[in-house]
Structures are given as C-alpha cells and as structure tokens.
Amino acid sequence: ETSGLLLTWTLHYLTKYPAIKKRVVDEIDQVVGDKAVPTFDDLNNMKYTLNVLNETMRYQTLVPAVTRQLVNQDNVCGFTVPKKTLVIA
C-alpha cells in the first residue's frame, strides 16, 4: 500500500509542477529509451526521478500514525509511562 500511495502522491505533485514533470519524463526517456520495461540499473541512473520520489516521501506522510493505549503502567528508557497513556506506534 505504501508504494501505491507514493506513486499516487508523486503523480499528484507532478500535475501541480509541470516543469518538474518534464524533467522526470525527459530523464526517463533518456535513460530507458525504447525498452519496454526499465531495469534496476536504469533506476540507478535516474537521479532526478529518485530525488522527486524521495522528496514526495519527505513531504507527504505515506504511512498513517497508529495509536495504542497502554493497559498497564510501563517503563520506557527510564521513563515511567502511566496506564491509559496513548502512544504512537
């Protein structure tokens, strides 16, 4: 699911920033060319595209936060966490 969200958000941002989209498309055309399927070696040569994907992951949270409530008091790294405290997992 995170891969799908990454692609969804990246495509969303590329529609908002056509100049960045053009650079990504140009880079893919240059590296992949007429091949039907890109290879992992091709991916290593697409620095700008990888940077766009990384920036999307940095800017947009792809994994939702999950909270839990402690059923018992606990000790974490020397800190006492009281019963019924909400923690982010």
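So the values come out like this:
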{"quantity": "Lysine-lysine proximity count for the chain, Cα under 20 Å, sequence distance 8 or more or distinct chains", "calculated": "4"}
{"quantity": "Extension gain (nm, one decimal) between residue 86 and residue 7, 0.36 nm per residue minus Cα-Cα", "calculated": "25.3 nm"}
{"quantity": "Linear extension gain, residue 45 paired with residue 63, 0.36 nm per residue minus alpha-carbon span", "calculated": "3.7 nm"}
{"quantity": "Where only alpha carbons of segment 1-55 are counted, the Rg and the Dmax (Å)", "calculated": "11.4, 29"}
{"quantity": "At 1.567 mPa s and 4 °C, Stokes diffusion of segment 7-89 via Kirkwood alpha-carbon radius, µm² per second", "calculated": "80 µm²/s"}
{"quantity": "Cα-centre dipole for the chain with unit charges at Cβ (Lys and Arg positive, Asp and Glu negative), debye to 20", "calculated": "520 debye"}
{"quantity": "Solvent exposure, largest accessible area first (probe 1.4 Å, DNA, RNA and ligands not counted), of 55, 1, 27", "calculated": "1, 55, 27"}
{"quantity": "Value of relative contact order over segment 50-89, rounded to a whole percent, pairs C-alpha under 8 Å and six or more apart", "calculated": "37 percent"}
{"quantity": "Extreme residue, positive dipole direction of segment 1-62, given options 19, 49, 39 (C-beta unit charges)", "calculated": "19"}
{"quantity": "Carbon plus sulfur fraction of accessible area for the chain, probe 1.4 Å, in percent", "calculated": "59 percent"}
{"quantity": "Average Cα contact separation per residue, the chain, under 8 Å, 6 or more apart, as relative contact order %", "calculated": "24 percent"}
{"quantity": "Residue 54-residue 20 pseudo-label distance in nm [points 7 Å out on the Cα-to-Cβ vector]", "calculated": "1.4 nm"}
{"quantity": "Of 30, 60, 73, the one that fluctuates the most in a GNM where the chain has Cα springs shorter than 10 Å", "calculated": "73"}
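The values are calculated or read from the model by the stated rules, or taken from the named source; none is laboratory data. Everything numeric in this text was worked out from a predicted model, so none of it was measured. FYI the Cβ positions are ideal-geometry reconstructions off the backbone, even for glycines, and counts take in every protein chain you see. All accessible areas refer to the heavy atoms of the entire protein, side chains included, with ligands and DNA or RNA removed. Shrake-Rupley method; radii C 1.70, N 1.55, O 1.52, S 1.80 Å.
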